[in-house]
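Visitor: Below is one structure. I have some questions about it.
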C-alpha cells in the first residue's frame, strides 16, 4: 500500500510548479472553487452592508437625497447627547439583566423537572419547546390580551386574590416588565432544550458515587450537576445576552416603544431613527455602538465564565 | 497563532476578494445589459400593496388598460405598503427604481427629496386631467413646495363610528350632524359602565402618527393650527390646543370613559364586541364591525370657533420615477388613465374605498357603496370636511414624535395639558430652527 501511494504521488508530481494546470489541479483551488459562490453571497449580503453602514455612521445620510456629507464623529457625539439614547440604553440593560437570568433559571428548573422517567414525558418536553415554535406575532397578541388593563386575564386573577388592578402596557413604569415576561416565556423552551441535553450528558456514575458518599439531592445538584452544566450555562448566557441586547420584535409588535418611550430599547430606537426619521447616519452610529457593547459584554462573559466553567466531565 | 497560520488566513480572503471582484464585474455587466434593454420599451413596473378586493379590482383595471392600449404592457409587483419607501430607496440606490410606486402621503416631503422622482406639475395641469376634481386634502398632500410629486391613489378621513345599540340602552339620542365635543364627552361618560367594562370611547396610545393625527383633527376643529403660516414656528400652544387636550384629558383621566389602547389594534375588536360606544376612526375599519349595529357621524365641533366639523385625511400617492423619458411618459399615461373618473368609480364600487375624485362622489355612487358597506356614504360626504393637510415639511416625522409624546403624556395623566403644550411647542421650535 505505501509503495503504491508513493508511486501515485510521483506520477502526479511532474508538471512545472506554478503552471495553470497545477493550480487548477491543487486541492486548494478546487476547495475555493466550491465555496466561492457561498462566500460571494455572504460577502455581498453580509460584509458589504456591514462596511457600508460603518461608512454611513460618519455621514449625514437620509438615503433620499444623493448628498451624503461626511460629518466625522458628529453622529457618535449625538449619541452622547441624545436623552432618548440614554433612556434606551437604560431600558436595554434593565431588560437584559432580567431576561437572561430569568430565562436561564426557569429553563434550568423545567429541564431538571423533566429530566426523569415519568409518564407523558415527551409530551411535557414538546410542550416546553413549543413556545419556540410559536411566531413572535402570535405571542405578542396573546400577551397583549393577557395583560390588557381592562379585559386581561392577569388583572382578573389579581382581582380574585384581592390585588389592585394594574395598567401594564399602559403604564410607563410597568410596560418594560411585561415585555420581560413575554420574552422569557418565548425563550424558556430554548433554555430547556439546551439544559436537558446537558443534563443527559452527566454520567450516572458520578451521581451514584455522590449518593454513596452520603450527599443529599440538593448537595448533589449543587456540587455535581450545576458545575457539569456550566458549559451549557455559559453558552446560554452569551447567546441570550446577545439576543436581549438586540430586542426588537416584541417591542415593535406590542408597544412600539411606548408609552412615553418606556419600552424604547436600542434596536427599536435605531429602527425609529432609520426608517421613521430617515437619519440613517445616526442609526448606523447606534448600530456600531451596540456592536461594540455586544463585543465587550461577550468578552467579559467568556473571561468571567471561564473561571466557573468545567469542560471535563 | 503562528506567523505561518496568519499568512494562510490572510491569503484566503484576498483570493476570495479577487474572485469576488470578478463575480461583481460579471454581475455589473449583466446589470447594465438588462438596464439597457429595459430603458426603452418593455412593461412599466408598478409597486403596489393592494390585497383582497382591492388587489382583484386593480388587476382587472390593469388588464383592461392593456386591452385598450395594445403595445402598452404593465407589470405589477406586490410590496407591503409599510415597506415600499424602504425598498424604493434601495432600488433607487441600485439604479433600478420601479416606474411607479404606491407611497404613503405622510412620506411626501421626504419622497420629494429623491432626485429620480418625476415632477408631475405640468402633467396634472393638462386640461383633460381636471386636477381640481381631486379633493383638496389629496392635492395638498401630493404637492411639496409647489411641486406635484404624485397623483392621489387612495383617500380616507376620520369620522365617529358609534354603536346604536349601546346608545339606545343608555337612553341617548344618536349624534346629529351638528353635535359638539361637549356632547361627545357627555355621551362617552353615559356610555361608560365600569362594572361591565364598557367604555364610552377609545384612543390609540403608542405615540405614533396614529396617535397624533387623531388629535390634529381636534386641534383644527377647535380652530387651531399646528404651525404658523410661514411654517417656521409652532402654533399649537394656543387656546385651541388647550381646548383639544382638555377634551382628551377629561375623558381619559377625569371621567375614565376612554379606553386607552397601547397596541393600536385592540380597539377595533372591542368595538366589534360591543364594549366601546364611539370610535373616531376611518372607513377602513367598517368591514371589521359585522357584529354590531353601528352608525357613522361627522366629527363633533367646538362651538364659537371657526373650525366647524372639519376632519383630517391621510391620502396616499402614486409616485413616478425617472427611468428614461419613454418609460416616464408611459407611466404617466397609465397613472392618468387609472385615476380618471371611470376607473375611480369602478375601483370604489368594487372595494368600498372612498372615491378619490369629487365628481365621482356625487350622484348615485355613495348610495351604491353604502349598500355594500353601511356607513361608508357618510365617509364619502365627509371628504368635503377635509379643509387642510398636515404640514408638508421634511421635519414632520420628528414633529410627529414630539406631538405623540405630548398627547400620550396627557392621556396617561402624566402631564397637565398646558405644560405639555408648552414643552412640545418649545421642542418643535427647536426642530424647525435646526432646519
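The values are calculated or read from the model by the stated rules, or taken from the named source; none is laboratory data. Every value quoted in this text rests on a predicted model; they were computed, and no experiment measured them. Cβ sites come from the backbone with ideal geometry, for glycine too, and all protein chains shown count toward neighbours.
Visitor: Looking at segment B:92-106, which of the residues that are within 14 Å of another protein chain (Cβ to nearest Cβ) and under 20 Å from the mean Cα position of the chain (by Cα) is surrounded by the most Cβ atoms within 10 Å (Cβ to Cβ)?
Guide: B:101
Visitor: Can I ask one more? Can you tell me how many residues within segment B:395-432 are in a loop (DSSP other than H, G, I, E, B) and either within 30 Å of residue B:295 (Cα to Cα) or not assigned by TED's automatic domain parsing to the domain that holds residue B:247 (or both)?
Guide: 1
Visitor: Next question, about the same structure. Counting just the residues of segment A:153-186 that are at the interface with chain B (Cβ under 10 Å from one of its Cβ atoms) and in a loop (DSSP other than H, G, I, E, B), which one comes out farthest from residue B:197 (Cα to Cα)?
Guide: Among those that are at the interface with chain B (Cβ under 10 Å from one of its Cβ atoms) and in a loop (DSSP other than H, G, I, E, B), it is A:172.
Visitor: Check residue B:387 against each of (1) farther than 24 Å from residue B:121 by Cα; (2) at pLDDT below 95; (3) more than 14 Å from chain A (Cβ to nearest Cβ); (4) surrounded by fewer than 21 Cβ atoms within 10 Å (Cβ to Cβ) and name the one condition it does not meet.
Guide: Evaluating residue B:387 over (1) farther than 24 Å from residue B:121 by Cα; (2) at pLDDT below 95; (3) more than 14 Å from chain A (Cβ to nearest Cβ); (4) surrounded by fewer than 21 Cβ atoms within 10 Å (Cβ to Cβ) leaves (1) as the failure.
Visitor: Then there's this: Taking the residues in segment B:55-87 that are farther than 13 Å from residue B:334 by Cα and touching a helix residue (DSSP H, G or I) at 6+ places or on another chain (Cβ under 8 Å) as candidates, determine which candidate is farthest from the other protein chains (Cβ to nearest Cβ).
Guide: Here the answer is B:60.
Visitor: Here is a further query. Can you give me the number of residues within segment A:268-282 that are in contact (Cβ under 8 Å) with a residue 24 or more places away in the chain and more than 10 Å from every other protein chain (Cβ to nearest Cβ)?
Guide: Residues that pass the stated criteria total 4.
Visitor: Can we say residue B:421 is more than 14 Å from every other protein chain (Cβ to nearest Cβ), touching a residue at least 24 places away in the same chain (Cβ under 8 Å) and under 28 Å from residue B:124 (Cβ atoms)?
Guide: no
Visitor: Moving on. Does residue B:279 satisfy the criteria of being farther than 22 Å from residue A:255 by Cβ and either at pLDDT below 95 or touching a helix residue (DSSP H, G or I) at 6+ places or on another chain (Cβ under 8 Å) (or both)?
Guide: no
Visitor: Right, something else. For segment A:209-220, indicate whether the set of residues that are in contact (Cβ under 8 Å) with a residue 12 or more places away in the chain and farther than 18 Å from residue A:110 by Cβ is non-empty.
Guide: Within segment A:209-220, one or more residues are in contact (Cβ under 8 Å) with a residue 12 or more places away in the chain and farther than 18 Å from residue A:110 by Cβ.
Visitor: Tell me, please, whether a residue that is within 10 Å of chain B (Cβ to nearest Cβ) and more than 16 Å from the chain's Cα centre (by Cα) can be found in segment A:291-307.
Guide: Checked segment A:291-307: no residue is within 10 Å of chain B (Cβ to nearest Cβ) and more than 16 Å from the chain's Cα centre (by Cα).
Visitor: I would also like to ask the following. Hey, does segment A:32-41 have a residue that's in contact with a helix residue (DSSP H, G or I) (Cβ under 7 Å, 6 or more places away or on another chain), more than 10 Å from chain B (Cβ to nearest Cβ) and farther than 30 Å from residue A:173 by Cβ?
Guide: No, because not a single residue in segment A:32-41 is in contact with a helix residue (DSSP H, G or I) (Cβ under 7 Å, 6 or more places away or on another chain), more than 10 Å from chain B (Cβ to nearest Cβ) and farther than 30 Å from residue A:173 by Cβ.
Visitor: Another question, then. The conditions are (1) over 23 Å from residue B:141 (Cβ atoms); (2) within 10 Å of chain A (Cβ to nearest Cβ); (3) touching a strand residue (DSSP E or B) at 6+ places or on another chain (Cβ under 9 Å), and residue B:117 fails exactly one of them. Which is it?
Guide: Going through (1) over 23 Å from residue B:141 (Cβ atoms); (2) within 10 Å of chain A (Cβ to nearest Cβ); (3) touching a strand residue (DSSP E or B) at 6+ places or on another chain (Cβ under 9 Å) one by one, residue B:117 breaks only (1).
Visitor: Yes or no: segment B:225-233 includes at least one residue that is within 14 Å of chain A (Cβ to nearest Cβ) and at positive phi.
Guide: Among the residues of segment B:225-233, not one is within 14 Å of chain A (Cβ to nearest Cβ) and at positive phi, which makes the answer no.
Visitor: Criterion first (outside the structural domain of residue B:289 (by TED's automatic domain parsing), more than 19 Å from the chain's Cα centre (by Cα), crowded, with 16+ Cβ neighbours inside 10 Å and in contact (Cβ under 8 Å) with a residue 12 or more places away in the chain) does residue B:365 satisfy it?
Guide: Yes; evaluated as a whole, the condition is true for this residue.
Visitor: Take residue B:345 and decide whether it is touching a residue at least 24 places away in the same chain (Cβ under 8 Å) and either within 19 Å of residue B:153 (Cα to Cα) or not in a strand (DSSP E or B) (or both).
Guide: no
Visitor: Still on this model: Out of segment B:314-328, which residues are over 16 Å from residue B:103 (Cβ atoms) and in contact with a helix residue (DSSP H, G or I) (Cβ under 9 Å, 6 or more places away or on another chain)?
Guide: Correct list: B:323, B:324, B:326, B:327.
Visitor: Something else about it: Just a yes or no: is a residue in segment B:240-259 over 24 Å from the mean Cα position of the chain (by Cα), free of Cβ contacts under 8 Å to residues at least 24 places away in the same chain and within 14 Å of chain A (Cβ to nearest Cβ)?
Guide: So far as segment B:240-259 goes, no, none of its residues is over 24 Å from the mean Cα position of the chain (by Cα), free of Cβ contacts under 8 Å to residues at least 24 places away in the same chain and within 14 Å of chain A (Cβ to nearest Cβ).
Visitor: Next question, about the same structure. Can you go through B:43, B:13 and tell me which one is farther than 20 Å from residue B:351 by Cα, surrounded by fewer than 20 Cβ atoms within 10 Å (Cβ to Cβ) and modelled with pLDDT of 85 or more?
Guide: Criteria check complete, one pass: B:43.
Visitor: Of (1) crowded, with 23+ Cβ neighbours inside 10 Å; (2) touching a strand residue (DSSP E or B) at 6+ places or on another chain (Cβ under 6 Å); (3) outside any loop (DSSP other than H, G, I, E, B), residue B:109 satisfies all except one. Which?
Guide: The failed condition is (1).
Visitor: Among the residues of segment B:400-410, is there at least one that is over 22 Å from the mean Cα position of the chain (by Cα), under 17 Å from residue A:83 (Cβ atoms) and surrounded by fewer than 21 Cβ atoms within 10 Å (Cβ to Cβ)?
Guide: Scanning segment B:400-410, I find no residue that is over 22 Å from the mean Cα position of the chain (by Cα), under 17 Å from residue A:83 (Cβ atoms) and surrounded by fewer than 21 Cβ atoms within 10 Å (Cβ to Cβ), so the answer is no.
Visitor: Next question. If only one of B:205, B:201 is over 18 Å from residue B:390 (Cβ atoms), buried (at least 20 other Cβ atoms within 10 Å of the Cβ), modelled with pLDDT under 95 and in contact with a strand residue (DSSP E or B) (Cβ under 9 Å, 6 or more places away or on another chain), which one is it?
Guide: Matching residue, one of B:205, B:201: B:205.
Visitor: Another one. For segment A:58-84, enumerate the residues that are away from every other protein chain (no Cβ under 14 Å) and closer than 17 Å to residue A:272 by Cβ.
Guide: Within segment A:58-84, A:75, A:79 meet the criteria.
Visitor: Name the one entry in B:164, B:169 that is free of Cβ contacts under 8 Å to residues at least 12 places away in the same chain and over 20 Å from the mean Cα position of the chain (by Cα).
Guide: Sole residue among the options that is free of Cβ contacts under 8 Å to residues at least 12 places away in the same chain and over 20 Å from the mean Cα position of the chain (by Cα): B:169.
Visitor: Within segment A:222-276, considering only helices (runs of 4 or more DSSP H) that don't extend past its boundaries, which have at least 3 residues that are closer than 22 Å to residue A:141 by Cα?
Guide: So the answer is A:249-254, A:266-271.
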